[in-house]
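Trainee: Below is a structure I'd like to ask you about.
The values are calculated or read from the model by the stated rules, or taken from the named source; none is laboratory data. Because the structure is a prediction, the values reported are computed rather than measured. Backbone-built Cβ (ideal geometry, glycine too); neighbour counts: all protein chains shown.
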Amino acid sequence: MRLPEEFEEKMKGLLKEEFPDYIACYGKPRFYGLRVNTGKISAEEFEKICPFPIRPIPWIRNGYYYDGETTAPSKHPYYFAGLYYLQEPSAMTPASRLPVCPGDKVLDVCAAPGGKATELGAKLGREGVLVANDLSSSRAKGLLKNIEVFGIGNVLVLCEEPGKLCGYFPEYFDKILIDAPCSGEGMFRKDKKMVKAWEEHGPEFFSNIQKSIIFQAGRMLKPGGMLLYSTCTFDPRENEQIIAHLLDACPEFGVVAMEGYEGFCEGRPELARAEDEKLQHSESEFAKAEGEKPQPAGTDHPGISDTVRIFPHRMDGEGHYLALLKKGSAETSTAEAVDHRETAAMPERTDSGRPGSERTGVGRSREKDKLPGELEAFLQEVSAVFDRGRMDIRGERVYYMPKDLPDVRGIRFLRTGLLFGELKKNRFEPSQALAMYLKKEEYRKIIDLSAADERVFRYLKGETLEVSDLAGKDGKGWYLVCVDSFPLGWGKLSKGTLKNKYLPGWRLC
């Protein structure tokens, strides 16, 4: 493929004697990967049931290569059951290197389409909260679907400028991931359209955006918290220089070494300084504009060698850059770095609650523990534990909210919490999101189909099914439809016939 001459010259200087090997990789096929949803199944168990050939990605514990030329994993029922996410192998690295623990409060700043957010949510389990944000409302809709397919319920899906979030979440998060918008140089082999995009908007266009995002994210991180910054580009203006700029302006941050791999390359401290004196001055002015204290431009940061560069001629994947930072001492190890301090006080906001009511995460209120009878009747079929006090009813919709949320009124959001279902004319209809959240053993009425049963595909296409052999002719009401014990969605049973309630927008074409 044709690469821009300016880009080639830059890569020659960056790679030196390795440049011919880098150019040669463009003549090789790209790699296809999938990442197992460990919130639903372990990697070991998935290997046993996977219906097509896979081989492990050596630096990703739950990642696998598959043959993208002969295999269509997005058409298999296990994909619809949320057992795996299709993702380029190197792109799996950032979320794998951010040490998320159950109970953490986690922010994915630029989250669409959801490859990293779904892994962060799987690490959290059903504890803590995942805030997944993307500025583009159209991309955020795809993000929401991927999060719901994965069965993640402790989530806020937002569509906001990162700067606006600072006033709502000051020093709130334990972990933050920034997969920053970038010039995309590392994806040239995978997607040739990225070359044209690079020619229109190169590294200089993105670097100020990246500086702004990383400063804003830093304000939302708790003392002792961890921040993972990543790009899919090679340019030091978007990589080492962004990290150096943060370290100059915010000396409370330090670089932390992350789990290595033999194909990783060290970050380049010698590239962390802008060569252009004018550019150094503009960076100092940028720090002032952001309200940070600029440091001397000559400050060295040897810790940048602990950041990671991924090159496609050294590994079976595309290009990436990663830096793991801690808001605190750089000498603290990753295992010791998580400091679960009390969240900083939130700004004063008007409370619209009334006496005897409980505030919810979006500023609504209701009488504690009182739920409509039809919702209570449905909950009798569910063995999973749901705290009644976290149920938030807004109009016809019922949401199950994460714990300890600030008041997020004023933020544009696509989802707050788990959409539990809808109250319609004295009846309750459970949501598709709830079906994906539940495990088979957590609901009493089950129809479990084998992946080899042609009725699975008919269900995914939205057809009515005859299931008297599985549920009998006396069963009725809401049934959770599963494939090999993994939920797919709902159906309503009457006299052995299942009326399909699989979400129309998710159906198999």
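Residue by residue, here is whether (1) outside the structural domain of Leu143 (by TED's automatic domain parsing); (2) under 23 Å from Leu98 (Cβ atoms); (3) surrounded by fewer than 18 Cβ atoms within 10 Å (Cβ to Cβ) holds:
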| site | (1), (2), (3) |
| --- | --- |
| Val155 | no, yes, no |
| Cys159 | no, yes, no |
| Gly186 | no, yes, no |
| Asp191 | no, no, yes |
| Trp198 | no, no, no |
| Phe206 | no, yes, no |
| Lys211 | no, yes, no |
| Gly225 | no, yes, no |
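Trainee: Kindly establish whether Asp191 is under 22 Å from the mean Cα position of the chain (by Cα), at pLDDT 95 or above and among the acidic types (Asp, Glu).
Mentor: Taking the combined requirement at face value, the residue does not satisfy it.
Trainee: For region 143-237, please list each of the strands (runs of 3 or more DSSP E) lying entirely inside it that holds at least 2 residues being more than 13 Å from Ala111 (Cβ to Cβ). If you could, list the steps in order and put the result at the bottom.
Mentor: On the way: elements: 155-158, 173-179, 221-231.
The qualifying strands (runs of 3 or more DSSP E) are 173-179, 221-231.
Trainee: So, one more: Hey, any hits in region 127-141 for a residue that's assigned to a helix (DSSP H, G or I) and surrounded by 21 or more Cβ atoms within 10 Å (Cβ to Cβ)?
Mentor: Yes, there is a match, as at least one residue in region 127-141 is assigned to a helix (DSSP H, G or I) and surrounded by 21 or more Cβ atoms within 10 Å (Cβ to Cβ).
Trainee: Which residues, taken from region 86-120, are under 26 Å from Asp316 (Cα atoms) and small (Gly, Ala, Ser)?
Mentor: Within region 86-120, Ser90, Ala91, Ala95, Ser96, Ala111, Ala112, Gly114, Gly115, Ala117 meet the criteria.
Trainee: It is to be established whether one or more residues within region 328-346 are modelled with pLDDT of 60 or more and in a loop (DSSP other than H, G, I, E, B).
Mentor: Scanning region 328-346, I find at least one residue that is modelled with pLDDT of 60 or more and in a loop (DSSP other than H, G, I, E, B), so the answer is yes.
Trainee: Here is a follow-up. Filter region 482-509 down to residues that are buried (at least 22 other Cβ atoms within 10 Å of the Cβ), under 22 Å from Lys40 (Cβ atoms) and over 26 Å from the mean Cα position of the chain (by Cα), then give me how many there are.
Mentor: 1
Trainee: Just one of the numbered conditions (1) under 19 Å from the mean Cα position of the chain (by Cα); (2) surrounded by fewer than 24 Cβ atoms within 10 Å (Cβ to Cβ); (3) outside the structural domain of Cys182 (by TED's automatic domain parsing); (4) more than 30 Å from Pro223 (Cα to Cα) is not true of Gly68; which one?
Mentor: Unmet condition: (1).
Trainee: Then there is this: How about region 68-100: which of its residues are β-branched (Val, Ile, Thr) and part of a helix (DSSP H, G or I)?
Mentor: Thr93
Trainee: Oh, and also: Go through (1) out of contact with any Phe, Trp or Tyr (no Cβ under 6 Å at 6 or more places or on another chain); (2) surrounded by 22 or more Cβ atoms within 10 Å (Cβ to Cβ); (3) in contact (Cβ under 8 Å) with a residue 40 or more places away in the chain for Leu86 and report which single condition fails.
Mentor: Of the numbered conditions (1) out of contact with any Phe, Trp or Tyr (no Cβ under 6 Å at 6 or more places or on another chain); (2) surrounded by 22 or more Cβ atoms within 10 Å (Cβ to Cβ); (3) in contact (Cβ under 8 Å) with a residue 40 or more places away in the chain, the odd one out for Leu86 is (2).
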